[in-house]
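Enquirer: Pasting a structure below so you can have a look.
The values are calculated or read from the model by the stated rules, or taken from the named source; none is laboratory data. The structure presented is a predicted model; accordingly, all values stated were derived computationally and were not measured. FYI the Cβ positions are ideal-geometry reconstructions off the backbone, even for glycines, and counts take in every protein chain you see.
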Amino acid sequence: MWTPTALASELRRYRRTVWRVVEAQHRISTNRLADTRADQARLEDLADAAKPDLPETAKGLHYLLASPFRYGHTVASRFRRANEKPGIFYASEAETTAIAETAYWRLRFIARSPGFVPGSRTSEHLSFSVPVAVSRAIDLTRAPFDARLPDWIDPADYTACQELAASAREASAQAIRSRSARDPGGVNLALLDPAGFARKQPEHGRNWHLRLEQGQLTAFAAFPGDTVLRFSPEQFGLPPLG
């Protein structure tokens, strides 16, 4: 495995706009409790005060950019062990790749939900973009790292990625660029350092409707968009639904 010293010699610049997809219901909980925008703002301030502290370099960022760094999730992800802090901002270099990543996690959740009854269910999502500019990135799509591509895109075993990420942090890496395991040809970015955002505010992308129908997930870009993307559990190595 790569040591921090070896990784430090492979660090390079990275400048690019990346995409992320989130559920569009991120404000519904406070909207339902508040009668006015002022009340909603006060509720959100109180909620923020009860949350874990942000890393210093994440303060002042829009919450869509800052939130991933606040929590150490109990479930491990590709470049982060369970409960490991600070968090990671996962993004993709193309909007469609970000949608594919979201589709995988939604289908995975459904496939692992006991007693789930398939039907026509729609969830609302929002895509957004933000420019990233760092001077210390590791690019797993290039030599010498690309020789271990199967490790970096393993659909279920994240051990090699997590070990590399731990060494990358010791080497003061700010980001890790890698192939997408869910979108053939797609590329993802794991931003380790919130100081890597070139802007404090994200750029709104599109609203998306993700609908479960006939055993697959269909992503529709909201009007006036006309993009339609379809995903099956089988393409992600998941069992068929129902």
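Enquirer: Looking at Ile99, Ile110, Ile138 in this structure, which one is surrounded by 19 or more Cβ atoms within 10 Å (Cβ to Cβ), part of a helix (DSSP H, G or I) and of a type in the set (Val, Ile, Thr)? Steps first, please.
Expert: Working: Ile110 fails: surrounded by 19 or more Cβ atoms within 10 Å (Cβ to Cβ); Ile138 fails: part of a helix (DSSP H, G or I).
The match here is Ile99.
Enquirer: Taking the range 141-174 only, how many residues are assigned to a loop (DSSP other than H, G, I, E, B) and small (Gly, Ala, Ser)?
Expert: Within the range 141-174, residues that are assigned to a loop (DSSP other than H, G, I, E, B) and small (Gly, Ala, Ser) number 5.
Enquirer: Residues in the range 184-194 that are surrounded by fewer than 21 Cβ atoms within 10 Å (Cβ to Cβ) and in a loop (DSSP other than H, G, I, E, B): how many? So that I can check it myself, show each step before the final result.
Expert: If we filter the range 184-194 for residues that are surrounded by fewer than 21 Cβ atoms within 10 Å (Cβ to Cβ), which is where we start, we get 184-187.
If we keep only those that are in a loop (DSSP other than H, G, I, E, B) too, we end up with 184-186.
Within the range 184-194, residues that are surrounded by fewer than 21 Cβ atoms within 10 Å (Cβ to Cβ) and in a loop (DSSP other than H, G, I, E, B) number 3.
Enquirer: Now, a different point. What are the residue pairs meeting all of these: first residue in the range 134-159, first residue under 23 Å from Ala195 (Cα atoms), second residue part of a helix (DSSP H, G or I) and at pLDDT 95 or above, Cβ atoms under 6 Å, and 6 or more apart or on different chains?
Expert: Taking only residues 6 or more apart or on different chains, the pairs are Val134/Gly196; Ile138/Ala168; Leu140/Trp152.
Enquirer: Tally the residues that are among the aromatic types (Phe, Trp, Tyr) and surrounded by fewer than 13 Cβ atoms within 10 Å (Cβ to Cβ), restricting the search to the range 148-179. Quick ask: steps written out before the conclusion?
Expert: Step one: of the range 148-179, the residues among the aromatic types (Phe, Trp, Tyr) are 152, 158.
Remaining after also requiring surrounded by fewer than 13 Cβ atoms within 10 Å (Cβ to Cβ): none.
The total comes to 0.
Enquirer: Scan Ala82, Ala6, Ala91 and give me the residue that is at pLDDT 95 or above and not in a strand (DSSP E or B). Don't jump to the end; show me each part of the working.
Expert: Numbers: Ala82 fails: at pLDDT 95 or above; Ala91 fails: not in a strand (DSSP E or B).
Among Ala82, Ala6, Ala91, only Ala6 is at pLDDT 95 or above and not in a strand (DSSP E or B).
Enquirer: Within the group Phe197, Phe89, Phe145, which residue is buried (at least 19 other Cβ atoms within 10 Å of the Cβ), out of contact with any Ser or Thr (no Cβ under 8 Å at 6 or more places or on another chain) and over 29 Å from Leu54 (Cβ atoms)?
Expert: Values: Phe197 fails: over 29 Å from Leu54 (Cβ atoms); Phe89 fails: over 29 Å from Leu54 (Cβ atoms).
Unique residue meeting the criteria: Phe145.
Enquirer: Turning to a different aspect of this structure: Considering (1) in a helix (DSSP H, G or I); (2) in contact with an Asp or Glu (Cβ under 6 Å, 6 or more places away or on another chain), say which one Arg177 fails and leave the rest.
Expert: All conditions are met except number (1).
Enquirer: Further question on the same structure: Would you check which residues across the range 212-228 are surrounded by fewer than 16 Cβ atoms within 10 Å (Cβ to Cβ) and in contact with a strand residue (DSSP E or B) (Cβ under 8 Å, 6 or more places away or on another chain) and list them?
Expert: Just the residues of the range 212-228 that are surrounded by fewer than 16 Cβ atoms within 10 Å (Cβ to Cβ), to begin with: 213-215, 222-228.
Ala222, Gly225, Thr227, Val228 - these are the residues of the range 212-228 that are surrounded by fewer than 16 Cβ atoms within 10 Å (Cβ to Cβ) and in contact with a strand residue (DSSP E or B) (Cβ under 8 Å, 6 or more places away or on another chain).
Enquirer: Got at least one residue in the range 202-220 being part of a loop (DSSP other than H, G, I, E, B), touching a residue at least 12 places away in the same chain (Cβ under 8 Å) and within 20 Å of Pro55 (Cβ to Cβ)? Spell out the reasoning first.
Expert: Taking the range 202-220 first, the residues part of a loop (DSSP other than H, G, I, E, B) are 202, 214-215.
Those left that are additionally touching a residue at least 12 places away in the same chain (Cβ under 8 Å): 202, 215.
If we keep only those that are within 20 Å of Pro55 (Cβ to Cβ) too, we end up with 202.
Yes, because at least one residue in the range 202-220 is part of a loop (DSSP other than H, G, I, E, B), touching a residue at least 12 places away in the same chain (Cβ under 8 Å) and within 20 Å of Pro55 (Cβ to Cβ).
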